[in-house]
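Undergrad: Input: one structure, supplied below.
None of the figures in this text is laboratory data; all of them are computed from the coordinates on show. Treat the numbers as computed from the prediction; the structure is a model and nothing was measured. Because the Cβ atoms are built from the backbone with ideal geometry, glycine has one as well, and the counts that use them run over all protein chains shown.
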Amino acid sequence: MSINLIKEVIEQHFDIDIKKNTRKRQYVEARGIYFYLTRQYTRMSLSAIGKTMGRDHSTVLYFVRQVPDWLSFDLQLKKDYDTINERIQDAIHANPDEFKTAVTIEGFYETQYKRLKELTKQINQDQLVLDDNN
């Protein structure tokens, strides 16, 4: 859900399909913002983020490193970024649990691991209670 939200907000803002395979500046900047924000707001690996757009991890890494520089020099891009980021922040505050829902296999396993860890902790506490009663 979270990466879809980020993608939708960016596509609506720029009125383009960021997955389109072109090197036009508007598309490159929009994809860069997508990679940068996805890296900020999710726990996805660079490779997983790249796969969402048909790119590899090195492309994502390049944009994650470049976007902050772009924002410091291009005032219009900075305004666009701030608007997009604000809309994403509003969505997170409106429904934080929905935003955190895992959309990748990595996220699924992470969620399952946390659940298993909590169950193990609860079982250990129940064992202590049983041992204390005997």
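Undergrad: Let me check I've understood the local charge: for residue 120, count other residues with C-beta under 15 angstrom from its C-beta, Lys and Arg +1, Asp and Glu -1. What total comes out?
TA: +2
Undergrad: Also: Cross-link partners among lysines for residue 78, C-alpha distance below 25 Å, same-chain residues fewer than 8 apart left out?
TA: List returned: 7, 19, 20, 24.
Undergrad: A follow-up question, please. Cβ neighbours within 10 Å, averaged per peptide: list 117-126, 46-55 in order, most packed at the top.
TA: Going by the mean number of other Cβ atoms within 10 Å, highest first, we get 46-55, 117-126.
Undergrad: Could you give the nm distance between label points at residue 19 and residue 69, where each point is 7 Å from its Cα heading toward the beta carbon?
TA: If labels sit at residue 19 and residue 69, their model points lie 3.0 nm apart.
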